[in-house]
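See below for the structure under consideration.
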Amino acid sequence: MSEKVNCLIIGSGPAGYTAAIYTSRANLSPVLYEGIQPGGQLTTTNEIENFPGYPEGITGFQMMEDLKKQAAKFGADIRSGIATSCDLSQSPYKVTIDGEKQIETKVLIICTGAAAKYLGIPDEVKYSGIGVSACATCDGFFYRKKTVAIVGGGDTACEEAIYLAGLANKVYMIVRKDYLRATKIMQERVLNHPKIEMLFNTNTLGLFGEKAVEGAHLVRHAGTPQEEKFDIAIDGFFLAIGHTPNSEIFKDYLERDETGYIKTQGRSTKTAVPGVFAAGDVADPHYRQAITAAGSGCIAAIEAERYLL
Ligand SMILES: Cc1cc2nc3c(=O)[nH]c(=O)nc-3n(C[C@H](O)[C@H](O)[C@H](O)COP(=O)(O)OP(=O)(O)OC[C@H]3O[C@@H](n4cnc5c(N)ncnc54)[C@H](O)[C@@H]3O)c2cc1C
(Lines give C-alpha, C1' and ligand atoms only; values in the text may rest on other atoms or scores of the structure.)
Protein backbone atom coordinates (compact mmCIF):
# COMPACT_ATOMS: atom_id res chain seq x y z
CA MET A 1 0.00 0.00 0.00
CA SER A 2 1.72 3.23 -1.12
CA GLU A 3 0.45 6.80 -1.36
CA LYS A 4 2.20 9.65 -3.17
CA VAL A 5 2.21 13.06 -1.52
CA ASN A 6 3.88 16.36 -2.18
CA CYS A 7 4.93 17.30 1.31
CA LEU A 8 5.06 15.06 4.37
CA ILE A 9 5.42 16.49 7.87
CA ILE A 10 6.23 14.16 10.75
CA GLY A 11 5.28 15.44 14.20
CA SER A 12 2.52 17.58 15.67
CA GLY A 13 4.34 19.91 18.05
CA PRO A 14 4.75 23.66 17.43
CA ALA A 15 7.29 22.97 14.65
CA GLY A 16 5.08 20.47 12.80
CA TYR A 17 1.88 22.52 12.99
CA THR A 18 3.65 25.73 12.02
CA ALA A 19 5.22 23.95 9.03
CA ALA A 20 1.70 22.68 8.20
CA ILE A 21 0.17 26.18 8.39
CA TYR A 22 2.80 27.63 6.07
CA THR A 23 2.92 24.75 3.57
CA SER A 24 -0.85 24.51 3.31
CA ARG A 25 -1.16 28.26 2.73
CA ALA A 26 1.50 27.85 0.00
CA ASN A 27 -0.62 25.15 -1.68
CA LEU A 28 1.81 22.32 -1.00
CA SER A 29 -1.04 20.10 0.28
CA PRO A 30 0.88 18.83 3.32
CA VAL A 31 0.10 15.57 5.04
CA LEU A 32 1.04 15.55 8.73
CA TYR A 33 1.36 12.53 10.99
CA GLU A 34 0.83 13.32 14.66
CA GLY A 35 2.85 10.53 16.22
CA ILE A 36 2.48 9.03 19.65
CA GLN A 37 2.06 12.41 21.35
CA PRO A 38 -0.49 14.49 19.40
CA GLY A 39 0.30 18.14 20.14
CA GLY A 40 3.83 17.33 21.31
CA GLN A 41 5.57 18.11 24.58
CA LEU A 42 3.47 21.16 25.46
CA THR A 43 0.45 18.96 26.06
CA THR A 44 2.22 17.72 29.20
CA THR A 45 2.35 21.14 30.82
CA ASN A 46 -0.34 23.34 32.34
CA GLU A 47 0.49 26.95 31.82
CA ILE A 48 2.40 28.54 28.93
CA GLU A 49 3.26 32.14 29.75
CA ASN A 50 6.07 32.83 27.31
CA PHE A 51 4.50 32.20 23.90
CA PRO A 52 3.84 35.60 22.31
CA GLY A 53 0.17 36.45 21.78
CA TYR A 54 -1.26 35.05 25.01
CA PRO A 55 -1.04 37.84 27.60
CA GLU A 56 -3.11 35.83 30.11
CA GLY A 57 -1.15 32.61 29.45
CA ILE A 58 -2.70 29.48 28.00
CA THR A 59 -2.65 25.76 28.74
CA GLY A 60 -0.31 23.72 26.57
CA PHE A 61 -3.21 21.53 25.47
CA GLN A 62 -5.32 24.51 24.33
CA MET A 63 -2.44 26.14 22.52
CA MET A 64 -1.76 22.98 20.55
CA GLU A 65 -5.47 22.54 19.77
CA ASP A 66 -5.46 26.10 18.39
CA LEU A 67 -2.40 25.41 16.25
CA LYS A 68 -3.96 22.22 14.94
CA LYS A 69 -7.20 24.01 14.10
CA GLN A 70 -5.27 26.73 12.29
CA ALA A 71 -3.35 24.16 10.20
CA ALA A 72 -6.54 22.24 9.39
CA LYS A 73 -8.32 25.45 8.39
CA PHE A 74 -5.87 25.94 5.53
CA GLY A 75 -6.24 22.36 4.37
CA ALA A 76 -3.42 20.45 6.06
CA ASP A 77 -4.28 16.76 6.10
CA ILE A 78 -3.66 15.82 9.75
CA ARG A 79 -3.57 12.11 10.48
CA SER A 80 -2.93 9.73 13.37
CA GLY A 81 0.10 7.52 12.90
CA ILE A 82 3.73 7.01 13.74
CA ALA A 83 6.58 7.01 11.24
CA THR A 84 8.29 3.70 11.93
CA SER A 85 10.98 3.58 9.21
CA CYS A 86 12.15 5.44 6.15
CA ASP A 87 14.19 5.24 2.99
CA LEU A 88 15.80 8.57 2.16
CA SER A 89 18.32 7.13 -0.31
CA GLN A 90 16.57 8.74 -3.28
CA SER A 91 13.67 11.01 -4.10
CA PRO A 92 10.75 10.48 -3.81
CA TYR A 93 11.49 9.63 -0.18
CA LYS A 94 9.65 6.75 1.41
CA VAL A 95 8.31 6.79 4.94
CA THR A 96 6.47 3.86 6.50
CA ILE A 97 3.62 4.65 8.87
CA ASP A 98 2.70 2.25 11.68
CA GLY A 99 4.85 -0.44 10.08
CA GLU A 100 2.52 -0.92 7.13
CA LYS A 101 1.44 2.08 5.07
CA GLN A 102 4.06 3.60 2.80
CA ILE A 103 4.09 7.28 1.90
CA GLU A 104 6.20 8.56 -1.00
CA THR A 105 6.99 12.23 -0.74
CA LYS A 106 8.92 14.88 -2.67
CA VAL A 107 9.56 16.86 0.48
CA LEU A 108 9.95 15.65 4.04
CA ILE A 109 9.83 17.95 7.08
CA ILE A 110 10.95 16.17 10.24
CA CYS A 111 9.52 17.74 13.41
CA THR A 112 9.73 14.79 15.78
CA GLY A 113 10.97 16.74 18.82
CA ALA A 114 13.06 15.54 21.72
CA ALA A 115 12.25 13.98 25.07
CA ALA A 116 13.79 15.21 28.31
CA LYS A 117 15.60 12.56 30.30
CA TYR A 118 14.34 11.81 33.80
CA LEU A 119 15.94 9.93 36.68
CA GLY A 120 13.29 7.22 36.50
CA ILE A 121 11.95 7.57 40.04
CA PRO A 122 8.15 7.23 40.39
CA ASP A 123 7.82 10.60 42.19
CA GLU A 124 8.85 12.43 39.01
CA VAL A 125 5.62 11.22 37.44
CA LYS A 126 3.56 11.81 40.61
CA TYR A 127 4.65 15.46 40.84
CA SER A 128 4.90 16.20 37.11
CA GLY A 129 3.66 19.76 36.59
CA ILE A 130 3.28 20.30 40.35
CA GLY A 131 6.90 20.82 41.25
CA VAL A 132 8.84 18.69 38.76
CA SER A 133 10.11 20.23 35.55
CA ALA A 134 12.69 19.44 32.90
CA CYS A 135 12.78 23.01 31.58
CA ALA A 136 14.13 25.82 33.75
CA THR A 137 13.58 28.42 31.01
CA CYS A 138 9.93 27.36 30.78
CA ASP A 139 9.05 26.96 34.44
CA GLY A 140 11.67 28.85 36.48
CA PHE A 141 9.44 31.92 36.64
CA PHE A 142 6.90 29.99 38.73
CA TYR A 143 9.53 29.63 41.47
CA ARG A 144 10.45 33.26 42.04
CA LYS A 145 11.73 33.79 45.60
CA LYS A 146 11.33 30.07 46.32
CA THR A 147 13.79 27.23 46.88
CA VAL A 148 14.53 24.78 44.09
CA ALA A 149 16.87 21.93 43.29
CA ILE A 150 18.37 21.07 39.93
CA VAL A 151 19.87 17.71 39.01
CA GLY A 152 22.79 17.51 36.61
CA GLY A 153 26.45 18.36 36.28
CA GLY A 154 26.96 19.44 32.68
CA ASP A 155 26.98 22.83 31.01
CA THR A 156 23.21 22.90 30.58
CA ALA A 157 22.65 22.10 34.25
CA CYS A 158 25.04 24.90 35.25
CA GLU A 159 23.40 27.37 32.86
CA GLU A 160 19.97 26.47 34.18
CA ALA A 161 21.14 26.63 37.81
CA ILE A 162 22.38 30.17 37.21
CA TYR A 163 19.14 31.07 35.45
CA LEU A 164 17.13 29.69 38.38
CA ALA A 165 19.35 31.52 40.86
CA GLY A 166 18.30 34.76 39.17
CA LEU A 167 14.70 34.01 40.15
CA ALA A 168 14.71 31.78 43.22
CA ASN A 169 16.03 32.53 46.70
CA LYS A 170 18.10 29.38 46.79
CA VAL A 171 19.17 26.66 44.37
CA TYR A 172 20.54 23.27 45.36
CA MET A 173 22.56 21.63 42.62
CA ILE A 174 22.42 17.85 42.96
CA VAL A 175 25.42 16.20 41.31
CA ARG A 176 25.90 12.44 41.20
CA LYS A 177 29.70 12.59 41.01
CA ASP A 178 32.21 14.52 43.10
CA TYR A 179 32.87 16.92 40.23
CA LEU A 180 31.02 18.86 37.51
CA ARG A 181 31.30 17.78 33.88
CA ALA A 182 30.74 21.36 32.77
CA THR A 183 33.39 23.61 31.24
CA LYS A 184 35.71 25.41 33.65
CA ILE A 185 34.02 28.77 33.21
CA MET A 186 30.58 27.36 33.97
CA GLN A 187 31.95 25.48 36.96
CA GLU A 188 33.42 28.65 38.37
CA ARG A 189 30.16 30.49 37.92
CA VAL A 190 28.06 27.99 39.84
CA LEU A 191 30.67 27.24 42.47
CA ASN A 192 31.03 30.93 43.27
CA HIS A 193 27.35 31.80 43.09
CA PRO A 194 26.05 32.93 46.50
CA LYS A 195 22.60 31.42 45.92
CA ILE A 196 23.75 28.01 44.66
CA GLU A 197 24.60 25.25 47.13
CA MET A 198 26.39 22.26 45.65
CA LEU A 199 25.43 18.76 46.76
CA PHE A 200 28.14 16.52 45.29
CA ASN A 201 28.10 12.69 45.43
CA THR A 202 24.37 12.93 45.89
CA ASN A 203 21.44 11.01 44.39
CA THR A 204 17.73 11.61 44.66
CA LEU A 205 15.73 8.84 46.30
CA GLY A 206 12.31 10.45 46.10
CA LEU A 207 10.21 13.56 46.52
CA PHE A 208 7.60 14.40 49.09
CA GLY A 209 4.80 16.89 49.58
CA GLU A 210 1.07 16.84 50.12
CA LYS A 211 -0.32 18.60 47.04
CA ALA A 212 2.93 19.56 45.33
CA VAL A 213 6.66 19.10 45.89
CA GLU A 214 7.73 20.20 49.35
CA GLY A 215 11.06 18.42 49.53
CA ALA A 216 13.42 15.74 48.30
CA HIS A 217 14.86 12.64 49.98
CA LEU A 218 18.55 12.47 49.08
CA VAL A 219 21.46 10.16 49.72
CA ARG A 220 25.12 11.11 49.79
CA HIS A 221 27.87 8.55 49.07
CA ALA A 222 25.27 5.85 48.35
CA GLY A 223 26.48 2.29 48.88
CA THR A 224 29.65 3.28 50.78
CA PRO A 225 30.45 3.28 54.51
CA GLN A 226 29.91 7.06 54.52
CA GLU A 227 26.38 6.75 53.16
CA GLU A 228 24.14 9.45 54.58
CA LYS A 229 20.44 9.96 53.90
CA PHE A 230 18.97 13.42 54.34
CA ASP A 231 16.07 15.61 53.21
CA ILE A 232 15.97 19.10 51.74
CA ALA A 233 12.96 21.40 51.67
CA ILE A 234 12.27 22.59 48.13
CA ASP A 235 9.37 23.94 46.09
CA GLY A 236 10.62 22.86 42.69
CA PHE A 237 12.69 19.98 41.35
CA PHE A 238 14.35 20.52 37.98
CA LEU A 239 16.03 17.94 35.75
CA ALA A 240 18.92 18.96 33.52
CA ILE A 241 20.39 15.61 32.60
CA GLY A 242 19.89 15.84 28.88
CA HIS A 243 17.38 15.15 26.13
CA THR A 244 16.90 12.36 23.63
CA PRO A 245 16.04 13.65 20.15
CA ASN A 246 13.48 11.47 18.35
CA SER A 247 15.72 10.89 15.35
CA GLU A 248 16.53 7.19 15.52
CA ILE A 249 14.63 6.16 12.37
CA PHE A 250 16.60 8.67 10.27
CA LYS A 251 20.05 7.63 11.50
CA ASP A 252 21.07 5.74 8.36
CA TYR A 253 20.43 8.72 6.11
CA LEU A 254 20.95 11.94 8.06
CA GLU A 255 23.92 13.29 9.92
CA ARG A 256 23.34 13.57 13.66
CA ASP A 257 25.49 14.86 16.50
CA GLU A 258 26.71 12.60 19.30
CA THR A 259 23.43 13.02 21.21
CA GLY A 260 21.26 12.34 18.17
CA TYR A 261 20.23 15.88 17.18
CA ILE A 262 19.82 16.06 13.39
CA LYS A 263 22.44 18.35 11.89
CA THR A 264 21.18 21.13 9.65
CA GLN A 265 23.09 23.52 7.42
CA GLY A 266 23.90 26.88 8.99
CA ARG A 267 20.81 28.83 9.94
CA SER A 268 18.60 26.79 7.64
CA THR A 269 16.63 23.62 8.35
CA LYS A 270 18.17 21.82 5.36
CA THR A 271 19.73 18.46 6.07
CA ALA A 272 22.40 16.95 3.84
CA VAL A 273 19.61 15.23 1.85
CA PRO A 274 17.99 17.63 -0.64
CA GLY A 275 14.29 18.11 0.12
CA VAL A 276 14.57 16.76 3.66
CA PHE A 277 14.30 19.37 6.39
CA ALA A 278 14.50 19.10 10.18
CA ALA A 279 12.80 21.66 12.44
CA GLY A 280 12.18 22.17 16.14
CA ASP A 281 13.73 20.36 19.08
CA VAL A 282 14.89 17.36 17.01
CA ALA A 283 17.51 19.64 15.45
CA ASP A 284 18.03 22.09 18.30
CA PRO A 285 20.36 21.25 21.19
CA HIS A 286 20.44 24.89 22.30
CA TYR A 287 17.06 26.59 22.77
CA ARG A 288 14.25 23.98 22.84
CA GLN A 289 11.37 26.40 23.20
CA ALA A 290 7.93 26.43 21.61
CA ILE A 291 8.59 29.74 19.86
CA THR A 292 11.94 28.63 18.43
CA ALA A 293 10.39 25.32 17.30
CA ALA A 294 7.53 27.21 15.62
CA GLY A 295 10.06 29.59 14.02
CA SER A 296 12.08 26.76 12.55
CA GLY A 297 8.88 25.04 11.37
CA CYS A 298 8.19 28.23 9.42
CA ILE A 299 11.72 28.24 7.97
CA ALA A 300 11.40 24.59 6.94
CA ALA A 301 8.10 25.29 5.18
CA ILE A 302 9.55 28.22 3.24
CA GLU A 303 12.62 26.21 2.31
CA ALA A 304 10.40 23.29 1.22
CA GLU A 305 8.37 25.63 -0.95
CA ARG A 306 11.52 26.99 -2.61
CA TYR A 307 12.86 23.47 -3.10
CA LEU A 308 9.70 22.47 -4.98
CA LEU A 309 9.72 25.53 -7.30
C1 LIG B 1 6.88 19.93 30.74
C2 LIG B 1 7.32 20.88 29.65
C3 LIG B 1 6.99 22.22 29.74
C4 LIG B 1 7.39 23.10 28.75
N5 LIG B 1 7.02 24.40 28.85
C6 LIG B 1 7.36 25.26 27.88
C7 LIG B 1 6.98 26.63 27.96
O8 LIG B 1 6.34 27.05 28.93
N9 LIG B 1 7.34 27.43 26.94
C10 LIG B 1 8.08 26.99 25.87
O11 LIG B 1 8.36 27.78 24.97
N12 LIG B 1 8.47 25.71 25.78
C13 LIG B 1 8.14 24.84 26.74
N14 LIG B 1 8.55 23.55 26.68
C15 LIG B 1 9.40 23.13 25.55
C16 LIG B 1 8.52 22.91 24.31
O17 LIG B 1 7.48 22.04 24.66
C18 LIG B 1 9.34 22.35 23.17
O19 LIG B 1 10.44 23.18 22.91
C20 LIG B 1 8.49 22.25 21.91
O21 LIG B 1 7.31 21.51 22.16
C22 LIG B 1 9.27 21.61 20.78
O23 LIG B 1 8.41 21.52 19.70
P24 LIG B 1 8.65 20.48 18.52
O25 LIG B 1 7.56 20.74 17.54
O26 LIG B 1 10.04 20.54 18.07
O27 LIG B 1 8.48 19.03 19.15
P28 LIG B 1 7.52 18.36 20.22
O29 LIG B 1 6.63 19.31 20.91
O30 LIG B 1 8.42 17.50 21.02
O31 LIG B 1 6.63 17.42 19.30
C32 LIG B 1 7.18 16.33 18.66
C33 LIG B 1 6.08 15.66 17.88
O34 LIG B 1 6.65 14.64 17.07
C35 LIG B 1 5.85 13.49 17.14
N36 LIG B 1 6.69 12.35 16.80
C37 LIG B 1 7.83 11.91 17.39
N38 LIG B 1 8.29 10.82 16.78
C39 LIG B 1 7.42 10.56 15.77
C40 LIG B 1 7.34 9.55 14.79
N41 LIG B 1 8.25 8.57 14.70
N42 LIG B 1 6.30 9.58 13.92
C43 LIG B 1 5.37 10.56 13.99
N44 LIG B 1 5.41 11.55 14.89
C45 LIG B 1 6.42 11.53 15.77
C46 LIG B 1 5.29 13.49 18.54
O47 LIG B 1 4.11 12.71 18.61
C48 LIG B 1 5.02 14.98 18.74
O49 LIG B 1 3.75 15.30 18.23
C50 LIG B 1 8.15 22.64 27.65
C51 LIG B 1 8.50 21.29 27.56
C52 LIG B 1 8.08 20.41 28.54
C53 LIG B 1 8.44 18.95 28.43
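Before moving on, here are some points about what is shown:
- Averaged per residue, region 153-252 has 52 square angstrom of accessible surface, using a 1.4 angstrom probe with ligands and nucleic acids left out.
- Per-atom-type breakdown for region 57-99 gives carbon and sulfur 49% of the accessible area (1.4 Å probe, protein chains only).
- Calculated log₁₀ intensity ratio I(q)/I(0) where the Debye formula runs over C-alpha points of region 118-239, q = 0.17 Å⁻¹: -0.79
- Arg144 accessible area, assembled protein chains, probe 1.4 Å, Å²: 120
- Rounded to 5, the percent of DSSP beta bridges in region 117-230 classed as antiparallel: 45
- Globularity ratio of the chain, using Cα Rg and 2.2 N^0.38 Å: 1.09
- Debye, to nearest 20: dipole size of the chain, +1 on Lys, Arg Cβ, -1 on Asp, Glu Cβ: 480
- Taking the longest Cα principal axis of the chain as reference, the axis of helix 14-25 is set at about 20 degrees.
- Solitary cysteines of the chain, where the nearest other Cys Cβ is not under 4.7 Å: Cys7, Cys86, Cys111, Cys158, Cys298
- Accessible-area value, Tyr163, 1.4 Å probe, nucleic acids and ligands omitted, Å²: 100
- Each of His286, His221, His243 has its accessible area taken with a 1.4 Å probe; listed largest first, they run His286, His221, His243.
- Crossing angle, helix 155-165 versus the chain [Cα axis fit, 0-90 degrees, rounded to tens]: 60
- Cα shape, region 168-240, gyration tensor, a/c 1.5 rule: oblate
- Restricting attention to region 118-239, lysine pairs at least eight places apart or on different chains and with alpha-carbon atoms under 15 angstrom apart total 6.
- Sum of side-chain charges, Ile162 neighbourhood, beta-carbon under 14 Å (Lys, Arg +1; Asp, Glu -1): -2
The values are calculated or read from the model by the stated rules, or taken from the named source; none is laboratory data. Keep in mind it's a predicted model, so treat the numbers as computed, not measured. Reconstructed Cβ throughout: ideal geometry from the backbone, glycine too, with neighbour counts over all protein chains shown. Please note that ligands, DNA and RNA were not included when accessible areas were found on the heavy atoms of the full protein model with its side chains. Shrake-Rupley method; radii C 1.70, N 1.55, O 1.52, S 1.80 Å.
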